[in-house]
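Asks: One structure is given below, represented as structure tokens, and several questions about it will come after.
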Amino acid sequence: MNKVYTYTFPTPSRSKRKGYLKTVPLVLLTLGTVYILQSSLLTPYFSKEVSKNRFFSQDTDDQAVFLKEKLKRLSLKEQEDIDLIARTVYGEARGERSLQALQAIAHVILNRTRDKNNWPSSIKEVILQKEQFSCWNEKDPNFYKIQSVSFNNKDFLRCYKATLDAFFAKTDLIHGANHYHAENVFPRWARQKNMIKVAQIQKHIFYRS
């Protein structure tokens, strides 16, 4: 049986009436699964209802229950930021087996938001900046996976836990790194003189510029 996933994305223009959102529906058929997308931007729109459904639905998995209880104590803005980071970590590095390796990817995003002279100041803008995190590129095979994944996925649960740990960490385990690449590639930007290699964790190499 095909599953139907419905997402609502923001558009630059909104009605003044509360809760109303103009959207353009897009239907994509892929691998026998129907994704119904209402989109004009790449990032999900988080209303209170969406947040409640996403985080606090009934779940019997102990780790999922623990994460949801922890998320309940946070503000809606923190929930949205953590969710975006976790989905990015999932799209970029879910193959990593250690939580530390997943935390490192989250730290890169957080480090960029702290450097307001060179990067956007919000987590959402950093993540969706053009040609930065490939999983958010519309043509990337991970683009729809990261939007439909839920706590039923064990790898996503691990990415969420790693993100929470990084979000509230008092120390930065990658020493301010704001770039990374997989160990099996050597991109052109990594050869620039201003790129300082600061760490390698599992399959990813981290740089500070």
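The values are calculated or read from the model by the stated rules, or taken from the named source; none is laboratory data. Every value quoted in this text rests on a predicted model; they were computed, and no experiment measured them. Here the Cβ positions follow ideal geometry from the backbone for every residue, glycine too, while neighbour counts run over all protein chains shown.
Asks: In the stretch 178-204, what residues are more than 29 Å from residue 63 (Cα to Cα) and surrounded by 19 or more Cβ atoms within 10 Å (Cβ to Cβ)?
Replies: 178, 179
Asks: Only one of these conditions is not met by residue 95: (1) part of a helix (DSSP H, G or I); (2) within 29 Å of residue 65 (Cα to Cα). Which number is it?
Replies: Evaluating residue 95 over (1) part of a helix (DSSP H, G or I); (2) within 29 Å of residue 65 (Cα to Cα) leaves (1) as the failure.
Asks: Right, next: Anything in the stretch 150-177 that is loosely packed, with under 12 Cβ neighbours inside 10 Å, within 18 Å of residue 114 (Cβ to Cβ) and among the polar types (S, T, N, Q)? List them, or say none.
Replies: Residue satisfying the conditions is 171 alone.
Asks: Still on this model: Restricting the search to the stretch 63-80, which residues are more than 16 Å from residue 158 (Cα to Cα) and either more than 16 Å from the chain's Cα centre (by Cα) or not assigned by TED's automatic domain parsing to the domain that holds residue 162 (or both)?
Replies: Within the stretch 63-80, 72, 73, 74, 75 meet the criteria.
Asks: Still on this model: Working only within the stretch 144-182, note down all residues that are farther than 22 Å from residue 70 by Cβ, in contact (Cβ under 8 Å) with a residue 40 or more places away in the chain and not aliphatic (A, V, I, L, M).
Replies: Passing the criteria: 144, 145, 147, 148, 176, 178, 179, 180.
Asks: Continuing with this model, one more query. Enumerate the pairs (first residue in the stretch 79-103 and within 12 Å of residue 166 (Cβ to Cβ); second residue anywhere and in a helix (DSSP H, G or I) and of a type in the set (Ser, Thr, Tyr)) with beta-carbon separation below 6 Å, excluding pairs fewer than 6 apart on the same chain, so at least 6 apart or on different chains.
Replies: 82/163; 85/163; 86/160; 86/163; 89/163
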